[in-house]
Structure formats: structure tokens, C-alpha cells
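The values are calculated or read from the model by the stated rules, or taken from the named source; none is laboratory data. What you see is a predicted model, and the numbers here were worked out from it, not measured in a lab. Cβ: placed from backbone, ideal geometry, glycine included. Neighbour counts: every protein chain shown.
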Amino acid sequence: MPHIAIHRDEAGTQRRLTSQRAILDAHREARGLLWVHITEMDAEDEALLRRLRFHPLAIEDAVSRQYRRPKVDDYGNYLFIALHGIDDSGSVEEISTTELDLFVGPTFVVSSSMTSLSWSEHLIEQPAHAMAGGAGTLAYTIIDALVDSVLPVVERMDEVAETIEERALANPSPDLLEHILRLKRASAMVGRVIVPQRDLLARIARGDHPPLDGAHGAYFRDVTDHLDRIEDLAQALRDRADHLVVLYHSALGLRQNEAMRQLAIVASIFMPLTLLTGIYGMNFEHMPELEWRYGHLAVLVTIGVVVSIGTFWLWGRAFLGRGQRGLRAIASYALEPHEVRDAVRRSAEGRERVLDTTPRDDDEPRERFP
């Protein structure tokens, strides 16, 4: 892909460089600051890195599409830094990493990535502030933007986890478990990307690798603070994903228990009917009820009575709706009339105490009932 090159001279004037010759001349003169950003590196870009006289091993790392751990290599007059970000263009349940490589020298910064980075467009369009502080400030700005781009992805993952939790309680369908496992894998990937970079940037913050000297330590410590926060969020997401798995199985178990409960209620109601129909289904020659004119009607009435009694009993035992509390209240007033009298008396006392608050001589409220 075509690269973008910006040069800032010692007077602070910035200009775009459109040819490799101009880039090589600015790099050779080593005046001001040169920034070259490469996206989706091809053979032409690889040739440019060779003409800039970078080490073959560093070029090999920048060109390779294989995953490597974040690292910093010191080549004397420049550093090669390999970092990883999160590709925010896809689903948060199927995130992928993207590598950012930096060549940082006293007067130049060359950045390259195999995919287009959304945050890099803003830096390219407005590079004045980032380039004004030199190569160290520009490198910090690029790394800080890379790290900050991870936080919105993690926050979206947290929103997805909340949605999954609500669905797990409402309808624990089998496909929901797959979403939970994807979220768990995504949060684990964020942790694998973030933790090694935190240690690497902590070493840079101590000034162990010039040209990123101790003057930039405070800035890189700020980046490590952001990484600590992202790591905490990723760990919380992993814990939440584990909780969602438990919640899913618990909700599924409750639904199964409710289904078994309903089946048990139906079986309890119709089990006596099985007994009755089984008796009259026997093949005995002499059964008195078979010749009775009203035998069939009597059996139907008996079946209706048995079903009614069974349903009423289950309702009263709180197996159906809220029958237990209602049945107890009805039974207490119907079978024990004195409870009705006591309830009316207590209600009247309560209203009278609220309404009759005329003070006595001793400023105490008057109560009509003793």
C-alpha cells in the first residue's frame, strides 16, 4: 500500500513527502523529524525499509504476519518496538489482534501495520502536536493511541456481557452458551495482549532504551496505567464470563425443574382417574355397575369431583399460583368467626388512632379504645 511520509524541519514547518527519494534525503540529512507510516506492507514498502538501512532481522519482523510477543530490540542508533492492538472493526465476541511495529531513532519514526488502524488517520491528518516534541513524543503518541483504542472494545464487551446476562435469566437458549464462551475467549485474548506490553512499556518508562530517555518516562508510565486499567477490566470480564456460565446452567436447571413441577401437578391430578378407568377397564363378566342405568354418568361425576378436589388441594398447598396464603385467609375467617371480630377491632383501632389526635391536658393523644 502507498505509505504516508511527513517531515517537520527545524523551523517547525511540516510537509508531505511523496517520493522515496525525498524520504531517503530527509532521513540522510537527519534534521528535524521524519515520520513514515506504512499500512498493509508490500514489496515496495519492504524495499523502502532496506534503503533506510534498518537491520534485516527488524525488517523480517516487520514484514512477517506471524504472531510474536511484544518486544523492544536495541540496534544502537534506533529501537525496534513490536506492539499489539485490537482490531475494532469486527464483533467483540470474535476480536483479532493487529501488530504495530515502530522504528524509533533520534530524528525519525517509522510505523507499520498489516491492517488499517482507525486512530492513525487522526494523527496523520493532524500531526503537528505529536511531532512538535520530537521522536520520543511522537512514539509515545502513537503507542498511547494504540492502547486507548483497546478500551472502547473492552467496554463494548462489558455491554455484551450485560445483555447476555439478561438473556440468560429470561431465556437460557442453547445458542446463548456459545456467545458466553466466545466472550470468555475474547476477554482472555485481551489479557494475553495487554500483560506483556505493560512490562515492556514499564522498562521504556525507566529510560532503559534511548532515544526514549527518562524525559519521556512520565508519559509512558501514563500508558502503563491505562494498560493496568484495561487488564483489570479484562480480568473482570473473564470472571463475569465464568459467572455467566454458572448462571446459564442455573437458569436452565430452574426451567427444567419448573417443567417437571408442572408435569408432576398434571400427573397428581389425573393419577386417581387412571385408577378409576383402570377398574372399569377390567374384563370381568359380572360387574354390577355396568348394568346400572346411571353408571356412566356416575363415573363422570366422580371423575369431575376427584379432579376438583385434587386441583383445590394443590392450590391450597401453593403448588398452583398463590393459593396457599389465600386459602389460609379464607379458612381462618370462615371457620373461626372470632378472628373476623378481632380483625375488625384492630382495623378500627388503627384508624381511630390516626384520626383522633386531640391533645389532652398532658399533651398526650387520646385513644377511644382502651
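Things to note:
- Residues that are crowded, with 16+ Cβ neighbours inside 10 Å and charged (D, E, K, R) within segment 199-254 comprise Glu231, Arg238, Arg240, listed in sequence order.
- Helices (runs of 4 or more DSSP H) lying entirely in segment 125-175 (those with 3 or more residues that are of a type in the set (Ser, Thr, Tyr) and over 29 Å from the mean Cα position of the chain (by Cα)): none
- On inspection, Val109 fails the criterion of being among the β-branched types (Val, Ile, Thr), under 23 Å from Leu200 (Cβ atoms) and without any contact (Cβ under 8 Å) to a residue 40 or more places away in the chain.
- Filter pass, Ala259 being under 30 Å from Glu166 (Cα atoms) and outside the structural domain of Arg182 (by TED's automatic domain parsing): yes
- Test result for Asp73, closer than 18 Å to Gly136 by Cβ and surrounded by fewer than 20 Cβ atoms within 10 Å (Cβ to Cβ): yes
- Qualifying residue in segment 248-268 (condition: more than 30 Å from Pro172 (Cβ to Cβ), of a type outside the set (Asp, Glu) and touching a residue at least 12 places away in the same chain (Cβ under 8 Å)): no
- Within segment 27-38, tally of residues that are in a helix (DSSP H, G or I) and under 47 Å from the mean Cα position of the chain (by Cα): 1
- Scanning segment 70-98 for residues that are under 35 Å from the mean Cα position of the chain (by Cα) and at pLDDT 85 or above yields Pro70, Lys71, Val72, Phe80, Ile81, Ala82, Leu83, His84.
- Any hit, segment 55-67, residues being basic (Lys, Arg), without any contact (Cβ under 8 Å) to a residue 12 or more places away in the chain and not in a strand (DSSP E or B): no
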